[in-house]
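Reviewing the structure listed below.
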Amino acid sequence: ENLIKKYGSPIYCYSNRRLVDNIKKFTNYFKSFDPLVCFSVKSNYNSSILKIIKNNGLGADVVSDGELKKALSIGFKPSKIVYSGVGKKFHELKFAIKKNIFLINVESESELNNIEKIANNLKKKIDIGLRLNPNIDAKTNSKISTGRTQDKFGLSENDIIKILKNFKSFKNKNIRIKCLSVHIGSQIFENKPYERMLKVIDRIISKINFKFDFIDLGGGMGISYNNDNKKFNYKSYQKSIIKYLGKYNSKIIFEPGRSIVANVGILISRIIYIKENQSKHFVILD
């Protein structure tokens, strides 16, 4: 009531304390191997929220020119910005490269060709990741699944292997493949999809014998919306990653979004009308 009196309604209200607590919890889960954590800006690009996230040490994961410009204006260091997304336009790639961001995750051979053209034109060395589509169904809502063959994201295992084989005799030294990236969806509560994902990564690296400086494992960890105490088992996931790192000495990148911000805000609204028909009651909000 006090907030509505002061600001009007509807209004979003966020908890700074909860946000900072979520960041600390996430980073503590994986502190044994010190990952680079880049907040998924698409999950909440409110400037005040982003400033708190930046001030608590996280980087940014962006999927558009607008998100990249927003992250830079907030003060995220270019060295902690990862650029993902299947639809990066030529001028967007060029802008990101000129800003010397940390990593561009490539999602198609066509995109790689564009980056090669820009690298040649600008005579700049460009660090990229290859985003893998591992053909793993995380059994979440089909609209938020990103890791199946029928999903638009990433390159197939065969495409990745072909690119890496060609890269070994690649003449353009301005392109540096630094990372293997993967993201299989959102609202995932089971650890098995992540374990399968790590096995696919292992299989690809074993086949091609390529050294990746970074492995980007995306995000997707689920949170409870209805107080059913359903929780993602971070401890089990951490153990799986540590087991993987015992074989490959790569730095891990995470791109959490929902797990950082989704339970941080509430929407405060007023009821302005109530009406009913023969079968339903309707509550109309402002």
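Observations on the structure shown:
- Using θ = phi - 60° and Karplus 6.51 cos²θ - 1.76 cosθ + 1.60, couplings along region 94-101 (whole Hz; Gly, Pro as x): 4, 4, 4, 5, 5, 7, 6, 5
- A Förster radius of 30 Å combined with the Cβ-Cβ distance from Lys117 to Lys42 puts the calculated FRET efficiency at roughly 0.65.
- Over the chain, relative contact order from alpha-carbon pairs under 8 Å, at least 6 apart, %: 22 percent
- Relative contact order %, region 83-130, counting alpha carbon pairs below 8 Å whose residues are six or more apart: 44 percent
- Helical runs (DSSP H, four residues minimum) scored at -39500 (n - 2.57) apiece and divided by the length of the chain put the mean residue ellipticity at 222 nm at -11000 deg cm²/dmol.
- These residues, Ser84, Ser47, Ser206, go from largest to smallest accessible area, 1.4 Å probe, as Ser206, Ser47, Ser84.
- Computed from point charges on the beta carbon alone (+1 for Lys and Arg, -1 for Asp and Glu), the dipole magnitude for the chain about its Cα centre is near 780 Debye.
- Compared with the dominant Cα axis of the chain, that is its longest principal axis, helix 192-208 is turned about 20°.
- Within a Gaussian network of the chain (alpha carbon springs, distance under 10 Å), most fluctuating of Asn166, Asn249, Asn114: Asn166
- Amide H partners (placed H, <5 Å) of Val264, local residues excluded: none
- Highest mobility in the GNM of the chain, judged by mean-square fluctuation with C-alpha springs under 10 Å and restricted to Ser15, Ser108, Ser32, is found for Ser32.
- Residue pairs, from the table Lys80/Lys251; Lys31/Lys251; Lys124/Lys178; Lys51/Lys98, whose Cα atoms sit over 20 Å apart: Lys51/Lys98
- Portion, in percent, of the accessible area of the chain that falls on carbon or sulfur, probe 1.4 Å: 48 percent
- Built amide H within the under 5 Å cut-off of Leu130, gap 5+: Val106, Cys179, Leu180, Ser181
- Whole-angstrom gap from region 1-17 to region 226-286, using each part's C-alpha centre: 21 Å
- Per-residue ³J(HN,Hα) for region 64-81, Karplus 6.51 cos²θ - 1.76 cosθ + 1.60, θ = phi - 60°, Hz, x for Gly and Pro: 7, 4, x, 5, 5, 4, 4, 4, 5, 5, 6, x, 4, 5, x, 6, 10, 10
- In degrees, nearest ten, helix 16-29 long axis to first principal axis of the chain (Cα): 40 degrees
- Here the Gaussian network model covers the chain, with springs between Cα atoms less than 10 Å apart; of Gly265, Gly129, Gly85, Gly265 fluctuates the most.
- Taking θ as phi - 60° and the Karplus parameters 6.51, -1.76 and 1.60, the scalar couplings of region 279-286 work out to 10, 9, 9, 10, 10, 9, 9, 7 Hz in sequence order, x denoting glycine and proline.
- Folded to 0 to 90 degrees: helix 109-122 orientation relative to the chain principal axis, Cα: 70 degrees
The values are calculated or read from the model by the stated rules, or taken from the named source; none is laboratory data. Because the structure is a prediction, the values reported are computed rather than measured. Cβ atoms come from the backbone with ideal geometry, glycine included; neighbour counts cover every protein chain shown. Areas reflect the complete protein model, heavy atoms only, side chains present, ligands, DNA and RNA absent. Shrake-Rupley method; radii C 1.70, N 1.55, O 1.52, S 1.80 Å.
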